[in-house]
Structures are given as structure tokens and as C-alpha cells.
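The values are calculated or read from the model by the stated rules, or taken from the named source; none is laboratory data. From a predicted model like this one, the values you see are computed outputs, not experimental measurements. Cβ placement follows ideal geometry from the backbone for every residue including glycine, while neighbour counts extend to all protein chains displayed.
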Amino acid sequence: MNNGILRPERMATSRWLCRQPVVPERTCHGGKQLVQFRRPYKTPRSGVDKEGLMRCRASKTDCDVCPLKQQCCSKEPARKVLRSIHEGARNMARDTTKTDAYVTASYA
């Protein structure tokens with residue numbers, strides 16, 4: 001477990017997943033589905049923990065046979081992606097800093 005710290009070999013994968021919209025279901029590079037919940041609950045759950053993170057996981061059986069396992073999750077049984085609920089706002093701020101209006105205003 002790496003406590004949320006990105007390792008250099010995962011940077012490209014994490015950046016790719018980071019740019020996707022924050023939704024409960026995603027896909028990995030191998031095309032397999034990453035989901036928050038594997039079963040339906042009687043009481044609906046938000047999927048957001050105390051730290052404001054959403055956890056999406058792949059199935060261990062999908063990761064075991066995947067040819068990209070060594071690049072994706074070599075030391076873990078399956079891929080786990082943590083995303084903040086504020087990721088959409090961060091992406092919008094990153095995109096805003098690339099506009100001409102922002103560059104002109106910030107250097108005025």
C-alpha cells in the first residue's frame with residue numbers, strides 16, 4: 001500500500017485516469033471496468049469517504065490475466081484508483097491557466 005503517494009512508474013497511468021471525468025465507473029488501460037461497488041446495497045451509498053475520495057477498483061481476476069499488469073499494479077493484486085470529489089474543479093483550473101486571457105491577466 002502506498003498511502004496515496006504516486007510512484008514514478010505509475011505517473012503516466014494516473015495522469016491519464018485523472019483527466020477523465022469523475023464518475024463511479026471507469027476503465028483501465030486493458031479495457032476492464034473499474035467500479036466503486038461490486039454489489040447493490042439496501043441503503044444507497046455516496047461512494048465518498050471521510051477524506052473526500054472516491055475509490056474505484058478492478059477485479060482481481062481481470063488483473064491476473066492482463067498483459068499490462070506489470071506496468072499497472074505489479075505489487076498489488078488489482079488496480080485501485082483514488083480520485084478526489086474536487087477533481088473536476090482542479091481540471092477546470094488547469095484548463096483555465098492555459099488560456100490567453102489568463103496568461104495576459106497574470107503577467108499584467
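Examine segment 78-97 for a residue that is over 17 Å from the mean Cα position of the chain (by Cα), within 14 Å of residue 29 (Cα to Cα) and of a type in the set (Val, Ile, Thr), and state whether such a residue exists. No, that holds for no residue.
Of the residues making up segment 68-85, none is touching a Gly at 6+ places or on another chain (Cβ under 9 Å) and acidic (Asp, Glu). Scanning segment 90-108 for residues that are small (Gly, Ala, Ser) and within 27 Å of residue 52 (Cα to Cα) returns a single hit, 93. Of everything in segment 34-52 that's touching a residue at least 24 places away in the same chain (Cβ under 8 Å) and loosely packed, with under 15 Cβ neighbours inside 10 Å, which residue is nearest to residue 88 (Cα to Cα)? If we take residues in segment 34-52 being touching a residue at least 24 places away in the same chain (Cβ under 8 Å) and loosely packed, with under 15 Cβ neighbours inside 10 Å, then 52 is nearest to residue 88 (Cα to Cα).
In segment 57-108, of all residues being modelled with pLDDT of 85 or more, of a type in the set (A, V, I, L, M, F, W, C) and in a loop (DSSP other than H, G, I, E, B), the one that is nearest to residue 35 (Cα to Cα) corresponds to 58.
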